[in-house]
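**Student:** Quick one: the structure is below, and I'll ask about it shortly.
The values are calculated or read from the model by the stated rules, or taken from the named source; none is laboratory data. Here the structure is a predicted model, which is why all the values come from computation and not from measurement. Here the Cβ is made from the backbone with ideal geometry for all residues, glycine too, and neighbour counts use every protein chain on show.
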Amino acid sequence: MNTGPVYYSKYTGISILFIISLLAITIGYQQIYWPWWAVTVPVVIYLLFIAIGSFFICFNFYFTSVCKIKTTEKKIAITFDDGPHQEITPKLLEILKRHELPATFFWTGENISRNKNIVKEANKQDHLIGNHSYSHSPRFDLFSHRKMIAEIEATTKEIERIIQKRPLLFRPPYGVTNPMLAKALQHTGLISIGWSLRSFDTVNSPEKVLKKLKKKTRPGDIILFHDTRENTPGIIEKYAGWLKENGFEVVSLKNLLNIDGYEEI
């Protein structure tokens, strides 16, 4: 499949329509009477599109993010964000190894530099390691594209230094996208990966998370977990059993998407 990023497609189109509508209203205002709300309507609609496009990664508003694939085969991919965590990630690696489940870890540069042995072990077990920015700052979405590039490249260099592989996959912090990140990804050439099923393991009880997963898991899903939460290993343990009982196969993202997770160096 073609997973190369596409930049400024929907964002450009909506922006052009917005400018045209404002020009039409301005010209029309000189010809006929327009009520006051005639100007606010396109502004509100435009801002609504911007908000949806920014906070819903799979809307692919600013650039393309791969969120799932269309397939009838009961294959899914499991991904983890925010680690590696000194205590939780090793527990997850043990569970994944026991159940023979490949995974993709989108890790931050800061955590990678503090947990080099965990990174090496994950790579040894043939899990994919992706880029999740360096700091995962709550202000990341306000950074300039140059600062985003610096964070992304710093994490890439840290991963490359430890496992001698250059990652090609990137997951935006918080799943938020914007024009600055589009420029940053265009510069770095990374592929943005979203998700089709969010476990909400960061906020919900294990029981609630498992209930949702069992109800909503579908072929081709990319599922989002976090390897920084104490409940996540237990959730994965039980979810792995349910997947096997219901005929689902967990495959690596590189197999699900038919891509290589790393660039040759």
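**Student:** Kindly check whether there is at least one residue in the range 182-199 that is among the β-branched types (Val, Ile, Thr) and either in contact with a strand residue (DSSP E or B) (Cβ under 6 Å, 6 or more places away or on another chain) or at positive phi (or both). Step through it out loud before you land on a result.
**Tutor:** Applying the first criterion (among the β-branched types (Val, Ile, Thr)) to the range 182-199 yields 188, 191, 193.
Of the ones still in play, those that are also either in contact with a strand residue (DSSP E or B) (Cβ under 6 Å, 6 or more places away or on another chain) or at positive phi (or both) are 191, 193.
Within the range 182-199 (the criterion being among the β-branched types (Val, Ile, Thr) and either in contact with a strand residue (DSSP E or B) (Cβ under 6 Å, 6 or more places away or on another chain) or at positive phi (or both)), the answer is yes, since at least one residue qualifies.
**Student:** Let me ask something else about it. Of everything in the range 174-220 that's touching a Gly at 6+ places or on another chain (Cβ under 8 Å) and not in a loop (DSSP other than H, G, I, E, B), which residue is nearest to THR232 (Cα to Cα)? So that I can check it myself, show each step before the final result.
**Tutor:** We begin by selecting, within the range 174-220, every residue touching a Gly at 6+ places or on another chain (Cβ under 8 Å); these are 175, 177, 191, 193-196, 206.
After this cut, where a residue has to be not in a loop (DSSP other than H, G, I, E, B) as well, the list is 175, 191, 193, 206.
Working: GLY175: 19, ILE191: 26, ILE193: 21, PRO206: 8 Å.
Ranking the candidates gives PRO206 first.
**Student:** Which condition does SER133 not pass, out of (1) over 14 Å from the mean Cα position of the chain (by Cα); (2) part of a loop (DSSP other than H, G, I, E, B), if it passes all the others?
**Tutor:** (1)
**Student:** Tell me which residues, restricted to the range 93-127, are more than 19 Å from ILE149 (Cβ to Cβ) and in contact with a Phe, Trp or Tyr (Cβ under 7 Å, 6 or more places away or on another chain). Break it down stepwise before answering.
**Tutor:** Filtering the range 93-127 for residues more than 19 Å from ILE149 (Cβ to Cβ) gives 93-105, 111, 114-127.
Within the range 93-127, ALA103, PHE105, ALA122, HIS127 meet the criteria.
**Student:** For ASN111, state whether it is under 18 Å from GLN164 (Cα atoms), touching a His at 6+ places or on another chain (Cβ under 8 Å) and assigned to a helix (DSSP H, G or I).
**Tutor:** Numbers: under 18 Å from GLN164 (Cα atoms): yes; touching a His at 6+ places or on another chain (Cβ under 8 Å): yes; assigned to a helix (DSSP H, G or I): yes.
Against the criterion (under 18 Å from GLN164 (Cα atoms), touching a His at 6+ places or on another chain (Cβ under 8 Å) and assigned to a helix (DSSP H, G or I)), ASN111 qualifies.
**Student:** Any chance you could count how many residues in the range 173-202 are out of contact with any Asp or Glu (no Cβ under 6 Å at 6 or more places or on another chain) and either within 19 Å of ILE259 (Cα to Cα) or among the aromatic types (Phe, Trp, Tyr) (or both)?
**Tutor:** 12
**Student:** Also, I was wondering about something else. Of the residues that sit in the range 195-247 and are farther than 19 Å from LEU96 by Cβ and without any contact (Cβ under 8 Å) to a residue 12 or more places away in the chain, which one is surrounded by the most Cβ atoms within 10 Å (Cβ to Cβ)?
**Tutor:** The qualifying residue surrounded by the most Cβ atoms within 10 Å (Cβ to Cβ) is ASN204.
**Student:** Ok, one more. For the range 95-150, give me the residue count where each residue is at pLDDT below 95 and over 15 Å from PRO172 (Cβ atoms).
**Tutor:** 0
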